[in-house]
Amino acid sequence: MTPQQVEAMTEAEQAERVAVLDGNFPELAGFTPDERARLVVIVDTYAQTAADDEKGAVSAFNKNIRRLIEATGADVVVLDHLQKSGGEFMGSLAKLGDADGMVKLTRKGDRHALLTCEKLKDAPEFEPIALELLPVELEGVADHAGRPYGTLIATEGSQTYRQAKAVTKGAKTTAAGVLLNLIHEPVTKATLRELFTNHESQTGELKSRQKAFNRALEILVNSGLVTLNGELVDKATA
């Protein structure tokens with residue numbers, strides 16, 4: 001509905017629409033208020049259910065979402081898309097202003113995604129959450145060629161995300177990645193330095209290779225991927 005259509009409705013008509021909404025969910029009739037409070041409605045997507053991205057349409061959309069909340073007692077999650085650049089959501093800033101909360105899910109490589117908090121109205125914003133995307137084959141479901149379908153399941157992935165961020169840059173392995181691959185068991189820092197500076201991936205003067213070793217080790221320690229106990233270096237446990 002347009003904002004003009006919403007404004008033209010009488011209170012009775014608005015109440016009737018709420019009743020129609022409630023009537024579309026007959027299974028809610030036996031729910032207690034506490035049970036209704038745990039319901040979640042997912043709107044997929046904003047673009048499929050709204051007139052456009054302009055401020056007036058966003059305002060009208062938000063009013064309808066509020067009516068849905070009042071009618072069902074549910075929390076409502078609206079899915080939206082970022083711009084092609086991946087930085088911001090599409091359309092009016094009214095989306096952010098009208099929302100009680102907004103989180104952004106960004107794909108990071110083939111195996112990870114990062115969940116960041118853009119806004120929380122009634123609580124402190126949370127720190128970014130790293131998710132690992134694990135492929136799972138769906139049993140008994142195949143396409144016309146007999147190939148099984150699969151999906152991705154998101155699990156806690158802070159350790160593997162830190163590792164991926166530290167050891168790869170695009171399709172290339174970083175110096176930190178080379179160093180991590182050289183640690184198979186607890187090893188002294190001196191021995192590890194020698195292995196690293198003599199590795200085929202390291203070129204240039206010895207002094208520059210030693211500096212690269214120090215930087216790589218610092219990255220791995222700060223990322224929580226290895227532990228440094230005195231002169232002993234080891235991979236960190238998950």
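The values are calculated or read from the model by the stated rules, or taken from the named source; none is laboratory data. The structure displayed is predicted, hence computed values, not measured ones. For neighbour counting, all protein chains shown are included, and Cβ atoms are generated from backbone atoms with ideal geometry for every residue, glycine included. All accessible areas refer to the heavy atoms of the entire protein, side chains included, with ligands and DNA or RNA removed. Shrake-Rupley method; radii C 1.70, N 1.55, O 1.52, S 1.80 Å.
A few points about this structure:
- Residue in region 85-93 that is open to solvent by less than 60 Å² (accessible area, probe 1.4 Å), in a strand (DSSP E or B) and modelled with pLDDT under 85 present: yes
- Residue match in region 225-234 (condition: more than 29 Å from A113 (Cα to Cα), exposed (fewer than 14 other Cβ atoms within 10 Å of the Cβ) and polar (S, T, N, Q)): yes
- Annotation note: Cβ proximity below 8 Å between a residue of region 221-238 that is in contact (Cβ under 8 Å) with a residue 40 or more places away in the chain and a residue that is part of a loop (DSSP other than H, G, I, E, B) and among the acidic types (D, E) (sequence gap 6+ or interchain) occurs for D234/E185.
- Taken over region 22-52, residues that are surrounded by 10 or more Cβ atoms within 10 Å (Cβ to Cβ), at pLDDT 85 or above and either small (G, A, S) or not in a helix (DSSP H, G or I) (or both) amount to 9.
Yes/no per residue for (1) acidic (D, E); (2) loosely packed, with under 14 Cβ neighbours inside 10 Å; (3) touching a Gly at 6+ places or on another chain (Cβ under 6 Å):
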site	(1), (2), (3)
A123	no, yes, no
P135	no, yes, yes
A145	no, yes, no
Y149	no, yes, no
I153	no, yes, no
E156	yes, yes, no
A166	no, no, no
T174	no, no, no
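- Per the listing G204, G146, G170, G177, the residue uniquely under 23 Å from A236 (Cα atoms) and small (G, A, S) is G177.
- Taking residues in region 46-66 that are within 12 Å of G91 (Cβ to Cβ), and partners anywhere that are open to solvent by 80 Å² or more (accessible area, probe 1.4 Å), the pairs with Cβ atoms closer than 6 Å and at least 6 places apart or on different chains are A57/A51.
- Qualifying residues in region 66-75 (those that are surrounded by fewer than 17 Cβ atoms within 10 Å (Cβ to Cβ) and closer than 18 Å to M102 by Cα) - the one modelled with the lowest pLDDT: I69
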